[in-house]
1. Just grab the label-to-label distance for Val64 and Thr43, each label 7 Å out from Cα along the Cβ direction, in nm (one decimal).
2. Just in the chain: which GluC sites (Glu not before Pro) are loop by DSSP and have at most 16 other Cβ atoms within 10 Å?
3. Could you list the residues of segment 1-35 with an amide nitrogen less than 17 Å from a label point located 7 Å from the Cα of Glu89 in the Cα-to-C-beta direction?
4. Please state the relative contact order of the chain as a whole percent: Cα pairs under 8 Å, 6+ residues apart?
5. Apply the Kirkwood formula to the chain: the hydrodynamic radius equals the inverse of the mean of 1/r over all pairs of different alpha-carbon atoms; give it in Å with one decimal.
6. Subtracting the Cα-Cα distance from 0.36 nm times the residue separation, let me have the gained length for Phe36 to Phe6 in nm, one decimal.
7. Can you tell me the order of 24-31, 12-19 when each peptide is scored by its average per-residue count of other Cβ atoms within 10 angstrom, highest first?
Amino acid sequence: LQGLHFLHSCQVIHRDIKSCSVLVDLSNWVGIFVDFGLCAQLTVENSKCSSSISTPSWIAPEVVTGEPFGPEINIWSLGILGLEMVEGEAPYQ
C-alpha cells in the first residue's frame, strides 16, 4: 500500500496493477510494483485520464465505460488482486 500511496502522491496512475505486476520479497513479505509501461502522469490541467488501457480481469468499471478516471482505478485493481490472492485466480475470467 505504501508503494501505491507514493505513486498517487506523485500523481501517477499505474493502470495495470495485476498479479504479474507485483513482486513479493518473501523474506519480509513486501510487495513491489513493477511494469510501469502503462503508467499515466496526471497534471493540474489533466487531473483525469480517459484512455482505456488495462488488463481485462483487473480493469475498473469507469475504464470499461469510457469515463474519465484518476488514481482510484488502481484501488479497484488492488482489490481484484486481493481477491485473486484469496481465491487463487482472478475473478471475471
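Here, each number is a calculation from the coordinates, and none is a lab measurement. No experiment lies behind these values; they were computed from the predicted model shown. Because the Cβ atoms are built from the backbone with ideal geometry, glycine has one as well, and the counts that use them run over all protein chains shown.
1. Using points 7 Å along Cα→Cβ, the separation is 3.2 nm.
2. Counting only loop positions with at most 16 other Cβ atoms within 10 Å, the GluC sites (Glu not before Pro) in the chain are Glu45, Glu89.
3. Inside the label zone: 19-20.
4. 29 percent
5. For the chain, the Kirkwood estimate is 13.6 Å.
6. Details: separation 30, 0.36 × 30 = 10.80 nm, distance 1.36 nm.
In short, 9.4 nm is gained.
7. On the way: 24-31: 9.0, 12-19: 21.2.
My ranking of the peptides, most packed first, is 12-19, 24-31.
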